[in-house]
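Structure record follows, encoded as structure tokens.
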């Protein structure tokens, strides 16, 4: 082979290698998965175990790297990153996608589910209501809901006893920075004050807000018992988080990888219900042991008053949701 031929062959090989590298499908890289839950929260357990299970079910083809604790930004930054494709997928409240499809917030509506099992059936990507809204999300936001995570009932904590909405009247109370939460906190009788989850302990410690609401797992994992004295077991909302992906990234995955991911998400969703039910009873005892006063109906909690006030406020703020709430209620 002449020197010129060798140079030509080398150049041709280099170009071919470069073309191969640039034509490598984007799904072949490690998929970045983000969420805002802390290291000890059930959100992190779910994401970590889901990533491992998806890899197993795909025959080690699917690599997912989890970024917890707002490492890739708060809620808004995370949602925007998934829409742009810089993050492949993540999870957060259904209502965090309401800027694309306002009706999606109905899956976080207070007092909308009978129990955890009903909540999982209603939020299955194949359920009639979610499937319909999911198509709107794909068209309007370039995102697709591919799974969900059950975290359990959300309860109110404060620096004082809360038994009825009047106890929170005109007090600054943390609201997730989403319209539905603002509406719900108004129903509590409080002044909605948006605070990102990473800033919540500081906001409670400094008095920026006097209380907040979250599942017991989050209250314990984030050590909120250090800055709150009371927990009222209102169970006003059954907390489910939507797992959503960038649609282009999702469609570029081979069919067998999409099926593996979907199967892993479905399996972990069912497991998350069991985790939540097992954890709640133990966590009540643990939070009592850490010095929190637990208020139930036996201690004067008027949950009927909270239900009436919150449902009335949400109905005023989201009148178009009524037919959807009826359809969710009809899911067997």
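Which residues, taken from segment 131-171, are in contact with a strand residue (DSSP E or B) (Cβ under 7 Å, 6 or more places away or on another chain), crowded, with 18+ Cβ neighbours inside 10 Å and without any contact (Cβ under 8 Å) to a residue 40 or more places away in the chain?
134 - this is the single residue of segment 131-171 that is in contact with a strand residue (DSSP E or B) (Cβ under 7 Å, 6 or more places away or on another chain), crowded, with 18+ Cβ neighbours inside 10 Å and without any contact (Cβ under 8 Å) to a residue 40 or more places away in the chain.
Report the residue count in segment 284-332 for those that are free of Cβ contacts under 8 Å to residues at least 24 places away in the same chain and surrounded by 15 or more Cβ atoms within 10 Å (Cβ to Cβ).
Count: 1.
Quick check: anything in segment 104-115 crowded, with 20+ Cβ neighbours inside 10 Å and without any contact (Cβ under 8 Å) to a residue 40 or more places away in the chain? Please lay out each step first, then the result.
Within segment 104-115, the first condition is being crowded, with 20+ Cβ neighbours inside 10 Å, and the residues that meet it are 104-110, 112-113.
Add one more test, that the residue is without any contact (Cβ under 8 Å) to a residue 40 or more places away in the chain, and what stays is none.
No: segment 104-115 contains no residue that is crowded, with 20+ Cβ neighbours inside 10 Å and without any contact (Cβ under 8 Å) to a residue 40 or more places away in the chain.
Are any of the residues in segment 121-129 under 21 Å from residue 323 (Cα atoms), touching a strand residue (DSSP E or B) at 6+ places or on another chain (Cβ under 8 Å) and assigned to a helix (DSSP H, G or I)?
Among the residues of segment 121-129, not one is under 21 Å from residue 323 (Cα atoms), touching a strand residue (DSSP E or B) at 6+ places or on another chain (Cβ under 8 Å) and assigned to a helix (DSSP H, G or I), which makes the answer no.
Scan segment 140-173 residue by residue and report those that are in a strand (DSSP E or B), under 21 Å from residue 284 (Cβ atoms) and touching a helix residue (DSSP H, G or I) at 6+ places or on another chain (Cβ under 8 Å).
So in segment 140-173, the residues in a strand (DSSP E or B) come out as 143-158, 172-173.
Filter again for under 21 Å from residue 284 (Cβ atoms), leaving 150-158.
The answer is 150, 151, 152, 153, 155, 156, 157, 158.
Confirm whether residue 50 is crowded, with 23+ Cβ neighbours inside 10 Å, modelled with pLDDT of 95 or more and within 29 Å of residue 135 (Cβ to Cβ).
yes
Here is a list of conditions, (1) in a helix (DSSP H, G or I); (2) surrounded by fewer than 23 Cβ atoms within 10 Å (Cβ to Cβ), and residue 180 meets all of them except one; can you say which number that is?
So residue 180 meets the others, but not (2).
Taking residue 273, is it within 20 Å of the chain's Cα centre (by Cα), farther than 25 Å from residue 187 by Cβ and modelled with pLDDT of 95 or more?
Details: within 20 Å of the chain's Cα centre (by Cα): yes; farther than 25 Å from residue 187 by Cβ: yes; modelled with pLDDT of 95 or more: yes.
So residue 273 fits the description; yes.
Could you tell me whether residue 254 is more than 23 Å from the chain's Cα centre (by Cα) and closer than 30 Å to residue 53 by Cα?
Yes.
If I filter segment 34-47 down to residues being surrounded by fewer than 23 Cβ atoms within 10 Å (Cβ to Cβ) and either out of contact with any strand residue (DSSP E or B) (no Cβ under 8 Å at 6 or more places or on another chain) or more than 13 Å from residue 151 (Cα to Cα) (or both), which single residue comes out as modelled with the lowest pLDDT?
40
Take the residues in segment 92-115 that are modelled with pLDDT of 95 or more, in a helix (DSSP H, G or I) and in contact with a strand residue (DSSP E or B) (Cβ under 7 Å, 6 or more places away or on another chain), then tell me which one is nearest to residue 73 (Cα to Cα).
In this case the residue turns out to be 97.
When you go through 245, 266, 279 one by one, which is the residue that is touching a helix residue (DSSP H, G or I) at 6+ places or on another chain (Cβ under 8 Å) and either part of a helix (DSSP H, G or I) or surrounded by fewer than 21 Cβ atoms within 10 Å (Cβ to Cβ) (or both)? Please lay out each step first, then the result.
Values: 245 fails: either part of a helix (DSSP H, G or I) or surrounded by fewer than 21 Cβ atoms within 10 Å (Cβ to Cβ) (or both); 266 fails: touching a helix residue (DSSP H, G or I) at 6+ places or on another chain (Cβ under 8 Å).
Going through 245, 266, 279 in turn, the sole match is 279.
For segment 285-332, how many residues are under 14 Å from residue 184 (Cβ atoms), touching a strand residue (DSSP E or B) at 6+ places or on another chain (Cβ under 9 Å) and assigned to a loop (DSSP other than H, G, I, E, B)?
0
The values are calculated or read from the model by the stated rules, or taken from the named source; none is laboratory data. Because the structure is predicted, anything quoted here is derived from the model rather than measured. Don't worry about glycine lacking a Cβ; one is built from the backbone with ideal geometry, like all the others, and counts go over all protein chains shown.
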